[in-house]
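Engineer: This is the structure I want to talk about, given as structure tokens.
Laboratory data are not the source of any read-out in this text; all were calculated from the coordinates shown. Please read all numbers here as calculations on a predicted model, not as lab measurements. Glycine also receives a Cβ, built like all others from the backbone with ideal geometry; neighbour counts cover every protein chain displayed.
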Amino acid sequence: MISFIVAARDLFITRKKITEDFLEMMNSILMRNRGAECIYSDYGSIDGCKEIIESYPHIRYLYTAPNDGQWLNISKCYNNAVANTQKFIVCPLGPDFRFNDSFMANTVTYFMSLGNIILRPQCYYLDENGRVKRMTNSPYCLLRNTIIASKGWDERMHGWGKEEDDLISRIYKYQQLHEVRIRGFGYTHLYHDNTWAEEWDKTTTNADIANENFKNNGANLINSYWKINENVQPIKI
């Protein structure tokens, strides 16, 4: 029913303990919820993650070929994951997210009840002392068919930021879906330092690309894995 997708690059170097704990949590949840999966879309890591991921029977390792000069291309990792799943709900997340079994049942219930929506679960962001510093509805869950129809994430974006805003804004504007923001279930986001991410992302044109896509529905969008009605087939619910 649900595919959790992770965009990853050398997480066992930069966020080893957080990633190990995430895999333990995810594998345990998936053992109890056989209709779900997690795809670890690896952007050319050198941290030995392939062998580590393969030791978790319920988590799928997926290699995503990196582009020259890019530390991480989240969009390319996500597009590859969507092209390689047959689950009808897609939930992008990072290894710093935590949740429990009720998330699964509630997410499926909302989609089965409301149909094609943009689902925004709540997310509590913790500070370095483990206290809640803010609550947002920044995470999102979408039907796989919705992502396919939108052309997916734009791989011209790399580094961090705007790739999710771009996708959601295009879906909202051009597919005219309702955005449903939820309180009562969702994620907890663990604290971590962002120094290493900022080092690889000092300049970005992602915001300019997102603005362009909003105006022309991604006319110049790059997706290495599918075009509308090609290669990736929609799933019948």
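Engineer: Taking square-rooted eigenvalues a ≥ b ≥ c of the alpha carbon gyration tensor, is the range 73-141 rounded, prolate or oblate, where a/c under 1.5 means rounded and, failing that, a/b exceeding b/c means prolate? Provide the component values of the computation, followed by the final result.
Structural biologist: Working: a/c = 2.21, a/b = 1.32, b/c = 1.68.
In terms of gyration-tensor shape, oblate.
Engineer: Would you mind classifying the range 86-208 by shape? Square roots of the alpha carbon gyration tensor eigenvalues, ordered a ≥ b ≥ c; an a/c under 1.5 is rounded, otherwise it is prolate if a/b is larger than b/c and oblate if not. Show your work: numbers first, answer last.
Structural biologist: Values: a/c = 2.12, a/b = 1.12, b/c = 1.89.
Taking the square roots of the gyration eigenvalues as a ≥ b ≥ c, the range 86-208 is oblate.
Engineer: Once you keep just the Cα pairs under 8 angstrom separated by 6 or more residues, what percentage relative contact order results for the range 2-216? Could the numbers behind the result be given before it?
Structural biologist: Values: 378 pairs, mean separation 47.6, N = 215.
Once normalised by length, the contact order is 22 percent.
Engineer: I would also like to ask the following. Under a plain spin-label model, where a point goes 7 Å from the Cα along Cα-to-Cβ, how far apart in nm are GLU51 and ARG181?
Structural biologist: 4.7 nm
Engineer: Quick one: if the Förster radius is 30 Å, what FRET efficiency do THR205 and ARG34 give, using the C-beta to C-beta distance and rounding to 0.05?
Structural biologist: Details: r = 42 Å, r/R0 = 1.40.
It comes to 0.10.
Engineer: Next question, about the same structure. In deg cm²/dmol and to the nearest 500, what is the mean residue ellipticity at 222 nm of the chain if only DSSP H runs of at least 4 residues count, each as -39500 (n - 2.57), divided by the residue total?
Structural biologist: Values: 9 runs with 82 residues, N = 237.
Using -39500 (n - 2.57) per qualifying helix, the result is -10000 deg cm²/dmol.
Engineer: On a C-alpha basis, how far is the centre of the range 95-126 from the centre of the range 1-63 in Å? Whole number, if you could?
Structural biologist: Taking the Cα centre of the range 1-63 as reference, the centre of the range 95-126 is 19 Å away.
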